[in-house]
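What follows draws every value from the coordinates through simple rules; no lab data is involved. Values in this document were obtained by computation on a predicted structure and should not be read as measured data. Because the Cβ atoms are built from the backbone with ideal geometry, glycine has one as well, and the counts that use them run over all protein chains shown.
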Amino acid sequence: MSVQYYEGVGRRKTSTARVRLVPGNGSITVNGKPAEQYFPRYGDMVAVIAPLRTAGFEGKFDVTVKVEGGGITGQSEAVQQGMARALVKLSAELRPVMRAAGYLTRDARMKERKKPGLKRARKAPTYTKR
């Protein structure tokens, strides 16, 4: 007999998060550390917990997250999307709620590549007439 869990994958910029929800007491572990320690900034922690709060499951699931790539905020938003997808697998009725809150939409904005002949992605060298 195996433990029943729900898994969701979230992505943002270059970050990827694999989120597992297991019925439990509400502990959140990110890469082996408590979530409050991994995401010390208040806004990032709020983003991570938001889908559970919206669904009304705060404190009812143990959350295990494996996240890699990108920066801290990108990672927290990837975790948010992964958690929302896992909750939708748990209960299909949550889909419209998560969609309305914007947790299921993949934010496709990425860093634009540098182009040849330019200093950065769009910044061109200063034009001089003479």
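Provide the three semi-axes, in whole Å and in decreasing order, of the ellipsoid equivalent to the chain as defined by the square roots of 5 times the Cα gyration tensor eigenvalues. Present the calculation step by step, with values, prior to reporting the outcome.
Numbers: eigenvalues 264, 48, 31 Å².
Listed largest to smallest, the semi-axes of the chain are 36, 16, 12 Å.
Angle between the Cα long axis of helix 72-90 and the longest principal axis of the chain, 0 to 90 degrees, nearest 10?
Taking Cα atoms only, the helix is inclined about 40 degrees.
In degrees between 0 and 90, to the nearest 10, how far off the longest principal axis of the chain does helix 42-55 point, with axes built from Cα atoms?
Rounded to the nearest ten degrees, it is 50.
On a C-alpha basis, how far is the centre of segment 4-24 from the centre of segment 102-128 in Å? Whole number, if you could?
29
Okay, helix-only estimate at 222 nm for the chain: each DSSP H run of n ≥ 4 adds -39500 (n - 2.57), divide by all residues, round to 500 deg cm²/dmol; what do you get?
On the way: 4 runs with 44 residues, N = 130.
One gets -10000 deg cm²/dmol as the mean residue ellipticity at 222 nm.
For the chain, give the magnitude of the charge dipole about the Cα centre (Cβ charges: +1 Lys/Arg, -1 Asp/Glu; no others), in debye to the nearest 20. Mind dumping the intermediate values first?
Numbers: 26 positive and 10 negative charges, 295 e Å.
Its charge dipole is roughly 1420 debye.
Can you count the Lys pairs in the chain whose Cα atoms are under 17 Å apart, with each pair 8 or more apart or on different chains?
The result is 9.
For a Förster distance of 30 Å, can you work out the FRET efficiency between the beta-carbons of Ala121 and Ile72, rounded to the nearest 0.05?
Numbers: r = 23 Å, r/R0 = 0.75.
Once the sixth-power term is evaluated, E becomes 0.85.
How far is it, in nm, from the label point at Ala108 to the one at Ser91 when both lie 7 Å from their Cα along the line to the Cβ?
3.2
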